[in-house]
Amino acid sequence: MKGSCLCGDIQFEVKGVKPSLYQCHCSVCRKSTGSSSNTAAIVNETEFNWIKKASDIQEFNLDSGYSVNFLRSLWESST
């Protein structure tokens, strides 16, 4: 499965089994989408590959033990 942002500057692929999707209702996802939630997926790191990655994408570790990848500027303005 391949995906990208709307402009195509960020591209990725997930290999293996298609991931299960869930709705995230955290404050960052609500703020970044302008909605009550964001559709997201939990993916094994070994099955994820950046095809084209913006230099300011950063991994953030959450209290839950999971991590998320956001543009640094989006994360900082949303938290």
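The values are calculated or read from the model by the stated rules, or taken from the named source; none is laboratory data. Everything numeric here is computed off the predicted structure, so don't read it as measured data. Every residue, glycine as well, gets a Cβ built from its backbone with ideal geometry; the counts of neighbours run over all protein chains shown.
Observations on the structure shown:
- Top-ranked residue of the range 14-49 - restricted to ones that are surrounded by 11 or more Cβ atoms within 10 Å (Cβ to Cβ) and in contact (Cβ under 8 Å) with a residue 40 or more places away in the chain, ranked as nearest to SER4 (Cα to Cα): SER32
- Selection count where residues are at pLDDT below 85 and farther than 17 Å from ILE10 by Cα, scope the range 46-60: 1
- Filter result (on the phi < 0 side of the Ramachandran plot and either touching a Leu at 6+ places or on another chain (Cβ under 8 Å) or assigned to a loop (DSSP other than H, G, I, E, B) (or both)) within the range 29-53: SER32, SER35, SER36, SER37, THR39, ALA40, ALA41, ILE42, VAL43, ASN44, LYS53
- Conditions (1) modelled with pLDDT under 80; (2) part of a loop (DSSP other than H, G, I, E, B): number failed by VAL68: (2)
- Residue list for the range 50-66, filter: closer than 21 Å to LYS2 by Cβ and loosely packed, with under 11 Cβ neighbours inside 10 Å: SER55, GLU59
- Enumeration of residues in the range 12-39 that are of a type in the set (A, V, I, L, M) and at pLDDT below 85: VAL17, VAL28
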